[in-house]
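The values are calculated or read from the model by the stated rules, or taken from the named source; none is laboratory data. This is a predicted model, so every value here is computed, not measured. Every residue, glycine as well, gets a Cβ built from its backbone with ideal geometry; the counts of neighbours run over all protein chains shown. Surface areas here come from the heavy atoms of the whole protein model, side chains and all, with no ligands, DNA or RNA. Shrake-Rupley method; radii C 1.70, N 1.55, O 1.52, S 1.80 Å.
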Amino acid sequence: MRDGHEAPVILPEPRTAIEAADIERVRALLGGPDPWGRGTPLHLTASALVVHPPTRRVLLRWHARQQAWLQVGGHADAGESDPLQIALREGAEETGLTDLTPWPDGSPVHLVIVPVPAAPHEPAHEHADLRFLLVTDTPDAVRPEKPDSPLRWLSLAEARKLTTEANTCETIDRAAALLGE
């Protein structure tokens, strides 16, 4: 446990066989001492697709390490264990948006295990990424966390074309369904 007060991790209902298998791996991970710990080959992360419902746009961020346009998100900080709070913090840090709120109800909309390539400071590993949808009423207030991490507001169709990751397209599709598309 990170701080002795582990928040319960609610997993989404699987919609595909791949997601069902990923959820089973995460259930096993949750039985261990620290599912958020970065020192293990598989650990939890939390991310969010930021949505602006009035314009039916989503926000993607360039991830230099992954070389892909993805949703915002990342690792738990020391003492954190609530995936929604982690996604909200990461979302605010990476976008500069201070009004992010869960949508439609704060439940995770997707869980996917993704490979992460090795870097000079860590070996290749996997993230069990719990994904949420967050909304903003101030899309024009967006600002990137750093210059090499640009952000782009995109229509759902543009976002699907821009990302190279099938699992990100699946998250976009789940947002689209909630937007009535």
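Could you tell me the accessible area of Asp34 in Å² (1.4 Å probe, neighbours in place), rounded to the nearest ten?
Taking all protein chains as shown, Asp34 has close to 50 Å².
Please list Arg38, Arg131, Arg25 in order of solvent-accessible area, largest first, computed with a 1.4 Å probe with all protein chains present. Could you put the intermediate results ahead of the total?
Details: Arg38 125, Arg131 5, Arg25 100 Å².
Sorted descending by solvent-accessible area, the residues read Arg38, Arg25, Arg131.
Would you tell me the accessible area of Val135, worked out with a 1.4 angstrom probe on the heavy atoms of the protein chains, in Å² to the nearest 10?
Val135 exposes around 20 Å² with every protein chain in place.
Order the following by accessible area, largest value first: Glu94, Glu80. Probe radius 1.4 Å; ligands, DNA and RNA are ignored. Walk me through the numbers before you get to the answer.
Numbers: Glu94 10, Glu80 40 Å².
The ordering from most to least exposed comes out as Glu80, Glu94.
Within the range 20-110, what whole-number % of the accessible surface is contributed by carbon and sulfur, with the 1.4 Å probe and all protein chains included in the calculation?
Result for the range 20-110: 55 percent of the exposed heavy-atom area is carbon or sulfur.
Near Leu111, within a Cβ-to-Cβ distance under 9 Å, what is the net charge of the other residues, with Lys and Arg +1 and Asp and Glu -1?
Numbers: positive: Arg131; negative: Glu19, Asp22, Asp129.
Local net charge: -2.
Distance between the C-alpha centers of the range 102-139 and the range 1-77? Whole Å please.
Comparing the Cα centres of the range 102-139 and the range 1-77, I get a distance of 4 Å.
What does the charge count near Ala159 come to, summing +1 for each Lys or Arg and -1 for each Asp or Glu among other residues with Cβ under 15 Å from its Cβ? Before the final figure, lay out the partial values.
On the way: positive: Arg56, Arg57, Arg61, Arg131, Arg152, Arg160, Lys161, Arg174; negative: Glu158, Glu165, Glu170, Asp173, Glu181.
Charge balance in the 15 Å sphere: +3.
Counting only heavy atoms of the protein chains, get the accessible area per residue of the range 75-137 (1.4 Å probe) and round it to a whole Å² value.
Accessible area per residue: 39 Å².
Determine the percent antiparallel among the DSSP beta bridges restricted to the chain, to the nearest 5.
On the way: 24 of 34 bridges.
Around 70 percent antiparallel, to the nearest 5.
Using the Karplus curve 6.51 cos²θ - 1.76 cosθ + 1.60 with θ = phi - 60°, what ³J(HN,Hα) values do you get for each residue of the range 68-73, in whole Hz, with x for Gly and Pro?
In residue order, the calculated couplings are 7, 8, 9, 6, 7, x Hz.
Using the basic label-point model (7 angstrom from Cα toward the beta carbon), what is the Thr164 to Asp77 distance in nanometres?
Reported label-point gap for Thr164 and Asp77 is 3.2 nm.
Please give me the summed charge of the neighbours of Glu170: other residues whose Cβ is under 15 Å from its Cβ, Lys and Arg +1, Asp and Glu -1. It would help to have the intermediate numbers written out before the result.
On the way: positive: Arg15, Arg131, Arg160, Lys161, Arg174; negative: Glu13, Glu19, Asp22, Asp129, Glu165, Asp173, Glu181.
So the environment of Glu170 carries a net charge of -2.
With everything on Cα atoms, drop me the angle between helix 17-30 and the longest principal axis of the chain, reported from 0 to 90° to the nearest 10.
50 degrees
Could you pull out every residue, at least 5 positions away or on a different chain, whose amide H is within less than 5 Å of the one on Glu126? Hs are placed 1.01 Å off N in the peptide plane, and Pro or chain starts have none.
Leu42, His43, Val116
Please give the calculated 222 nm ellipticity per residue for the chain, where each DSSP H segment of at least 4 residues contributes -39500 (n - 2.57) and the sum is spread over every residue; nearest 500 deg cm²/dmol? It would help to have the intermediate numbers written out before the result.
Values: 4 runs with 47 residues, N = 181.
The helix-only estimate for the chain comes to -8000 deg cm²/dmol at 222 nm.
Using semi-axes √(5λ) of the Cα gyration tensor in Å as the read-out, say which of (i) 44, 20, 11; (ii) 24, 18, 17; (iii) 29, 19, 16 was calculated from these coordinates.
(ii)
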